[in-house]
Every structure is written in structure tokens, then in C-alpha cells.
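Input: a single structure, listed below in C-alpha cells.
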Amino acid sequence: MTRAISLHDVSKTYGTKGGRVVDRLSLDIAPGEFLVLLGPSGCGKSTVLRMIAGLEEITEGQLLLDGEYANDLPPAGRDMAMVFQNFALYPNMTSRDNIGFPLRIESPGADHGARVGATARMLGIEDLLDRFPGQLSGGERQRVAMGRAIARHPSAFLMDEPLSNLDAKLRNHLRAEIAKLTRQLKVTTVYVTHDQSEAMSLGDRVAVLRGGVLQQVDTPRAVYGLPRNVFVAAFVGTPRINLLRGLVRAPLDGAMTVSLGKQFLRLPEPLTMDHQLLRVQQGREVIVGLRSEAVRIAKPSAARPGEVPLTGLVEHLEFQGHEVLVHFDTGSRPAVVPDLEAPRPARRPARRRRRDGGTALEWLRERAGALRAGSSVALLDRAAEAEAPGGPDAPAAPEPRLPGDLVVRTTPDLRLRHGMQVPLLVDLAHLFVFDQHGERICPAPDHLPDLEE
Ligand SMILES: Nc1ncnc2c1ncn2[C@@H]1O[C@H](COP(=O)(O)OP(=O)(O)OP(=O)(O)O)[C@@H](O)[C@H]1O
Ligand SMILES: [Mg+2]
């Protein structure tokens, strides 16, 4: 049996004075689905998982299991198995007994040998069954812990960073096994991680949380390709998306451009629908997002349709073996996303305030319902950030950033040196633009109303 898990406006508050650490979260997880909860440390991932498991009380909202109200159902009545980061095996029991333990609790006296054996075969740990935890490596112990969760044939798996204590190679290996196993068993799985590549490789869908607020829930492809806001764009993908502060210029009698400090991107005519919609941002500061695949090193004469030139000064080279990450100075200013720069925010992000005199596009988007509470990211000036007062409420100091404002991927055979001026081509088909609050405005939000209306 596999479960449908639904959260309706679920919030969690600790104590009477605290704010919501999970804020009106709504999610529908289909039977057999593998859903990943992704977000930075402290964003409420484990709290959500623990509320689903019944280990944490739900302050407001509803949890439904297979459509039935389940807020007050005791954990044992939920038929779910949890796998934690710090899995604990009984040290005085063999792997066989550890795996069989929940079965013995459930039906004492019955012979569970066959079930334990089948589980061990599935996990490839048959030859470890007679060993004690102290005689196993970390990865083997984690597999035994998984075995203990699987043997019961639960209706859902709840996994809280189960691989984060393992080294990279083992993590990749077990990641693939988890994916195979849960699909084989067709059991609904909610998997918590702060590792975006793990989320992208495992999830049928990925739910991105920030400060307890759901930012987006979508397939990995959609989260990467159509991030709802700048936070999601920056959280997902390596190398991190380049975020530059831009200014939209749309003179009535000239070409439309997005200026990036000393240079600009000239939007080719005829303007695409997405670029036309940018016109209403005329004179406004925006955040330009360029993933590394949007920029290549090539001369202007090699430009394909939709590509426009920039130049960059090589500031730093990161050799990765199969590729090189080139950090360029293009004379633009990077946009800073506060809680990406400070991974452990001490306070919740400020709620978006309505500005006076909203633009036509805002109006359209509000009508379309595309704006969602709490999904904003305020543009933060590096200077303002440096001057921010300290104290217990202040975000942690930003991590040092590498030099340059634009990172481009290239092959190792291209010989580049520090200080070289290099021609670049930007593919405008991959251009992201976010407004000052971090909402994506290009490509346009999906539910734009009919402009003729
Ligand atoms: N028992 C508690 N009392 C008060 N605050 C708590 C309690 N448990 C968690 N919190 C707070 O709730 C917020 C969310 O915590 P949670 O453990 O869900 O985060 P997380 O996303 O799992 O983080 P991590 O990636 O570090 O595990 C944090 O700010 C945390 O300090
Ligand atoms: Mg956690």
C-alpha cells in the first residue's frame, strides 16, 4: 500500500512568541511519488517531515493521509518509516536482528527470516547479516538502517538527509540505490536535503522552501528551467546562476537594452513576447540571471541568431578537470540574494510590502495570481549589507566570493590567462530577468492574462 500525503495550509510555531518556522505550507504528494524537500539550513524541512510523521504537532492547518484527516493520528498509526541522518542501530544486535526488530515489535513470535532475507538481497547486504554495527562501515550501517525501514513494507518513507554523513562516492552510490529501491517498491517517499544536486537527481518533484515558505514545487526540469524567483534560480544548479544588477532601457525611438553597468545587452528586433513584456520595466533596476549555458566564449562574428556580444576580463580560472570555470569581470554589479550569501539566516525574511503605484505588469501578474506571498527576495546592495548593524538579529557575515561577476564554463583546451580581455556571446533565449523583489518576469510568469482584455 502506498499513501497520498496532503498538507493544507500547515504552519508550525514553537512556543507562544515565536514566528512560524513553517508558514502555511500546502503540498499534495501523490501515491508512489518521490518528493524532495529542498532548502537551506533552518528553512523548516525537518519540521515538515516530523509533522508528517506525527513526531511534531501541527500548529495550524491540516494533514491528510489518503484523504483522511490525520493531524491527531499517533505516529504508529501512520504506517510510515523514517530514515534519519544520524541513524541509530542497536550496537548489541546483528544486522539481521536490527532489520528484523520492527517486525518483531509488530508481530512477536512470527518468523521474519524470509522478509529480512529479501530485504537484505534488495540492498545487497546479505553477507553482512551476522555482523554487529561496530563491524560495519558507515555506508554499510546506513544500508542496514534502510533495511530496517524497508522490511516493514511501510506505506511511506520519510528520509531526513539520510546520506549526508557519508563520503561523496558512497553518497552517489546510495543515492542511485535509493532511487531504484523506492521506485521498485512504489512507496511514497518524502526526502529532505539541502543538497540541490541530490534533490534534482532523486525527485519526481522538488519543493523548494525558504524561511518556512514554499517557493516552488515542480519537476527538477521546471525548477531549473523556470524558477519562480531569484532564490530558486540561485539555489538550484551548479555553477550557481550569474546574477547581475541590470537596468531596462526602452526608448520609444531606439533599441531596447538591459544595461549591466559598463556594458549592455541589446535585445534583438523583432522583440520576443517575453522581451516586449520587459518594456514596462523601463528605467527600473532588475536582476539579470544568466546560467553558465547562456554564455559562451566566442567572437561577435560567430554570433547565432539571438546571441549578443559582451566582453569580459579574465579574473580567475577554476580548473575542474573536464571543464574550466572562468570568472570574468564584465564591469557589472552582482546582485546578492541574502540567505544564499548567509546560509543560516537568524531571522525570517521580511514580508513583501506593497509599493505605491504598481506597474502595469505587476497589475497583470497580480490578476493572474502569479504572485505568491513570501516568495520575494529583496535586492540587497553589497554596500548596504556591509553597513548593516550587527547584533543577534543580523544575518551572518557574507561568505567571501570569488572575484569577477560572471562565471562561464569552457573546455580545458582553451588557453586563457588572468588579465585577458575575452569576447563573449550571451544567448538571449536563456535570459532570466527578475524584478527588484526577486520575482521572475522573463520568461514571463506562466499565467499571464489576455493582454487584449
Ligand atoms: N524544538 C524547537 N524549538 C524552537 N525552535 C525550533 C525547534 N526545532 C526547530 N526549531 C527552529 O525551526 C526552524 C526550522 O528547523 P528545521 O530543523 O526544520 O530546519 P531544517 O530545514 O531541517 O534545517 P537543517 O538543514 O539545518 O536540518 C529553525 O529555525 C529551528 O531553529
Ligand atoms: Mg533538518
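Which percent of Cα pairs goes in each bin when the distances of the range 5-228 are cut into 5 angstrom slices starting at zero? Answer for the range 5-228: a P(r) of 1, 7, 15, 18, 19, 16, 12, 8, 4, 1, 0 percent.
Using C-alpha pairs below 8 Å separated by at least 6 residues, the relative contact order for the range 5-228 is 30 percent. With the simple spin-label model, which puts each label point 7 Å out from Cα in the Cβ direction, the ARG240 to ASP195 separation comes to 1.9 nm. Compactness of the range 141-193, taken as the C-alpha radius of gyration over 2.2 N^0.38 Å, stands at 1.07.
Computed from backbone phi, the HN-Hα couplings of the range 221-226 come to 4, 6, 4, 6, x, 9 Hz, rounded to whole numbers (Karplus: 6.51 cos²θ - 1.76 cosθ + 1.60, θ = phi - 60°; Gly and Pro given as x).
With R₀ fixed at 25 Å, the C-beta to C-beta distance from LEU185 to ARG221 puts the FRET efficiency at about 0.55. Net length available on complete extension from MET273 to GLN85 is 63.0 nm, with 0.36 nm assigned per residue and the Cα-Cα distance removed.
For every other residue with a beta carbon closer than 12 angstrom to the beta carbon of GLU33, add +1 if it is Lys or Arg and -1 if Asp or Glu, then tell me the sum. Walk me through the numbers on the way to the answer.
Numbers: positive: ARG3, ARG183, LYS186, ARG205; negative: ASP28, ASP204.
In short, +2.
Other residues whose C-beta falls under 10 angstrom from the C-beta of VAL232 contribute a net charge of +2, scoring Lys and Arg +1 and Asp and Glu -1.
The count of lysine pairs in the range 5-228 with alpha-carbon distances below 23 Å, taking only pairs 8 or more places apart or on different chains, stands at 4.
So how much slack lies between ARG417 and GLU177, counting 0.36 nm per residue of separation and subtracting their Cα-Cα distance, in nm? The partial results should precede the final answer.
Working: separation 240, 0.36 × 240 = 86.40 nm, distance 4.21 nm.
That works out to 82.2 nm of additional length.
Model label sites at ARG304 and GLU318, defined 7 Å from Cα along the beta-carbon direction, differ in position by 2.5 nm.
Around PRO423, under 13 Å between beta carbons, what's the net of Lys plus Arg minus Asp minus Glu among the other residues? Summing Lys and Arg as +1 and Asp and Glu as -1 gives +1. Each residue, ALA118 and ARG333, gets one label point 7 Å from its Cα in the Cβ direction; the gap between the two is 6.4 nm.
Between LYS262 and THR311, full extension at 0.36 nm per residue minus the direct alpha carbon distance yields a gain of 16.6 nm. Please work out the FRET efficiency for the pair ALA168 and ALA76, using the Cβ-Cβ distance as r and a Förster radius of 35 Å; give the result to the nearest 0.05. Result of the calculation: an efficiency of 0.45.
Where a number appears in this text, it was derived from the coordinates with a stated rule and is not lab data. Keep in mind that what you see is a predicted model, and the values were worked out from it rather than measured. Virtual Cβ from ideal backbone geometry, glycine too; neighbours counted across all protein chains shown.
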